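Shown next, in structure tokens, is the structure this report addresses.
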Amino acid sequence: MNEKGGILVWGDSHAAALANGILQLRTDLVQFTANSCPPVAELDVAWRAGCREIGEHVLGEIRRLQPRDVVLHAYWTLYEDPALLDKLKRTVEHIRSAVPASRITIVGSVPRWKPSLPEYLVRERIRLDAELYIRNSASDELLGLDDSLKTLSEQSLVRFFSPFAALCVGRSCRAGVEHHGVIMPTAWDYGHLTEGGAWLVAKALSE
């Protein structure tokens, strides 16, 4: 995206996985993602140097590019800073100040699989199917976090979108998808979306 407008995705490696799905639906995408760096300004991550500087850079790029849509996504439970939500709220304020007309979306949790979805399928001898749903043992924790992110979004007057809600029915979550004629898991590890899983989530996000 060299000209102003389009959609900007900011976040960690989970945001990078989601961006792959969005790119299958639209081409006006620019991606600012870095492993273990959530889309939160003024945040230092103990085990990952440079996140604060990356955040400052992305805010500058948002001001320069003037995207129509800004999507913020991360594996939120990874970051234990007690001020994470407050800093995320301030980040939204910075974005709104830089791009007043932009639609901002906070994307919540993806289903988490233990130890990983492929390993679970093999261990339990479950045959992969395009419409396979499996009970997700981490659902309560993830839904609690989603509630907090939804509340923050409502207070900040931005959109909230839950991949968990898009992929799950009750406590059972989509584990298989057919994409381009290939049946694959929706995640290739504990939570990073596969190409097919990202496509499913991106379709729901675009609706």
Those residues of the range 187-201 which are out of contact with any Lys or Arg (no Cβ under 9 Å at 6 or more places or on another chain) and assigned to a helix (DSSP H, G or I), in sequence order = E195, G196, A198, W199, V201
Could you list all residues from the range 65-80 that are out of contact with any Asp or Glu (no Cβ under 8 Å at 6 or more places or on another chain) and surrounded by fewer than 19 Cβ atoms within 10 Å (Cβ to Cβ)?
-> Q66, R68, E80
Would you check which residues across the range 87-115 are closer than 30 Å to R171 by Cβ and more than 18 Å from the chain's Cα centre (by Cα) and list them?
-> K114, P115
Residue check, I106 part of a strand (DSSP E or B), touching a Phe, Trp or Tyr at 6+ places or on another chain (Cβ under 9 Å) and under 22 Å from L149 (Cα atoms) | yes
Of residues in the range 134-160 being among the hydroxyl-bearing types (S, T, Y) and within 21 Å of V177 (Cβ to Cβ), the one surrounded by the most Cβ atoms within 10 Å (Cβ to Cβ) = S139
Only one of these conditions is not met by W47: (1) surrounded by 22 or more Cβ atoms within 10 Å (Cβ to Cβ); (2) farther than 23 Å from A138 by Cα. Which number is it?
-> (1)
If only one of R63, R103 is out of contact with any strand residue (DSSP E or B) (no Cβ under 8 Å at 6 or more places or on another chain) and of a type in the set (K, R), which one is it?
-> R63
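The rows are residues; the columns are (1) modelled with pLDDT under 95; (2) within 20 Å of D12 (Cβ to Cβ); (3) out of contact with any helix residue (DSSP H, G or I) (no Cβ under 9 Å at 6 or more places or on another chain); (4) surrounded by fewer than 20 Cβ atoms within 10 Å (Cβ to Cβ).
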residue	(1), (2), (3), (4)
C173	no, no, no, no
V182	no, no, no, yes
T186	no, yes, no, no
G191	no, yes, no, no
E195	no, yes, no, yes
A198	no, yes, no, no
K203	no, no, no, yes
With criteria (1) within 26 Å of E207 (Cα to Cα); (2) of a type outside the set (V, I, T); (3) in contact with a Cys (Cβ under 8 Å, 6 or more places away or on another chain), A15 comes up short on (3)
How many residues are touching a strand residue (DSSP E or B) at 6+ places or on another chain (Cβ under 8 Å), under 23 Å from K203 (Cα atoms) and surrounded by fewer than 21 Cβ atoms within 10 Å (Cβ to Cβ) when one looks only at the range 24-36?
-> 5
Single match in P115, P39, P111 (criterion: surrounded by 20 or more Cβ atoms within 10 Å (Cβ to Cβ) and either modelled with pLDDT under 95 or within 23 Å of D140 (Cα to Cα) (or both)) = P111
Is it the case that V92 is assigned to a strand (DSSP E or B), of a type in the set (V, I, T) and surrounded by 20 or more Cβ atoms within 10 Å (Cβ to Cβ)?
-> no
Filtering the range 24-51 down to residues that are touching a residue at least 24 places away in the same chain (Cβ under 8 Å), hydrophobic (A, V, I, L, M, F, W, C) and not in a strand (DSSP E or B) yields L25, C37, V40, A41, L43
Which residue out of I54, I62 is without any contact (Cβ under 8 Å) to a residue 24 or more places away in the chain, surrounded by 16 or more Cβ atoms within 10 Å (Cβ to Cβ) and among the aliphatic types (A, V, I, L, M)?
-> I54
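The values are calculated or read from the model by the stated rules, or taken from the named source; none is laboratory data. A quick note: this is a predicted structure, and the numbers were derived from the prediction, not measured. Ideal geometry is used to build each Cβ from the backbone, glycine not excepted, and the neighbour counts take in all protein chains shown.
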